[in-house]
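Encoded as structure tokens, the structure appears first; notes follow it.
The values are calculated or read from the model by the stated rules, or taken from the named source; none is laboratory data. Owing to the predicted nature of the structure, the values given are computational and were not obtained by experimental measurement. Ligands, DNA and RNA are stripped out before the accessible areas are found, and what is left, the full protein with its side chains, is counted by its heavy atoms. Shrake-Rupley method; radii C 1.70, N 1.55, O 1.52, S 1.80 Å.
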Amino acid sequence: MVRHRGIGPTDTFWCPPGGGPQFGEAAHEALVREFVEETGLNIAVGDLLFVNEFMQPPLHALELFFDVKNLGGSIHQGFDPEMGADEQIIEDVQMMHFEEIKAYPPEEVHTLFQRCESLDDVFRLRGYLH
């Protein structure tokens, strides 16, 4: 999980790694790149699980959630190369158990966790969520 600042009412927001594609970059290629940039981890992208419409100021995005497999790397707090050193919003990166995520107030974690009571539930989500 990646903790961002500047999203949501408490200025703390935990969510899975990800981000937008660059022009000409396929969604799965963008996800591989974003994982490396944000977490230092190398992944293989599997099946598309669901699409989520995310609306939490200042963001409004359509998110594609894929099953991923960790291929290695060393987890560390990454950066967003499109932003300057003084504009970075990534504050922390951690491997977390589902129970740890659920212990945070709902407004401090991605809305997908409000739809799920277990990690298995995440992999059962399908279709378009809003």
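A few notes on this one:
- For the chain, built as a Gaussian network whose Cα springs stay under 10 Å, the top-fluctuating residue of Asn52, Asn70, Asn42: Asn70
- When all alpha carbon pairs of the chain are counted in 5 Å bins from zero, the resulting P(r) reads 2, 10, 19, 24, 26, 15, 4, 1 %.
- Kirkwood Rh, angstrom, the stretch 76-119 [1 / mean 1/r, Cα pairs]: 12.4
- Residues with amide H under 5 Å from that of Phe50, placed H, sequence gap 5 or more: Phe65
- Solvent-accessible area per residue for the chain (1.4 angstrom probe, square angstrom): 59
- A cut-off of 5 Å between modelled amide H atoms, ignoring neighbours fewer than 5 places along the same chain, links Val109 with Trp14.
- Surface composition of the chain: carbon plus sulfur atoms contribute 56% of the solvent-accessible area (1.4 Å probe, protein chains only, all chains present).
- Residue by residue, the stretch 43-56 carries 3J(HN,Hα) couplings of 10, 10, 8, x, 5, 5, 8, 6, 10, 10, 8, 9, 9, 8 Hz when phi is fed to the Karplus relation 6.51 cos²θ - 1.76 cosθ + 1.60 (θ = phi - 60°); x denotes Gly or Pro.
- For the options Pro58, Pro106, Pro16, a Gaussian network treatment of the chain with springs between C-alpha atoms closer than 10 Å singles out Pro58 as fluctuating the most.
- Springs between Cα atoms under 10 Å define the GNM used for the chain, and in it the highest mean-square fluctuation of Glu87, Glu53, Glu37 occurs at Glu87.
- Residue-averaged [θ]222 nm for the chain, counting only DSSP H segments that reach four residues, each worth -39500 (n - 2.57): -5000 deg cm²/dmol
- Plainly put, the stretch 22-84 has a radius of gyration that is 0.98 times its Kirkwood radius, both from alpha-carbon atoms, as the Rg/Rh ratio.
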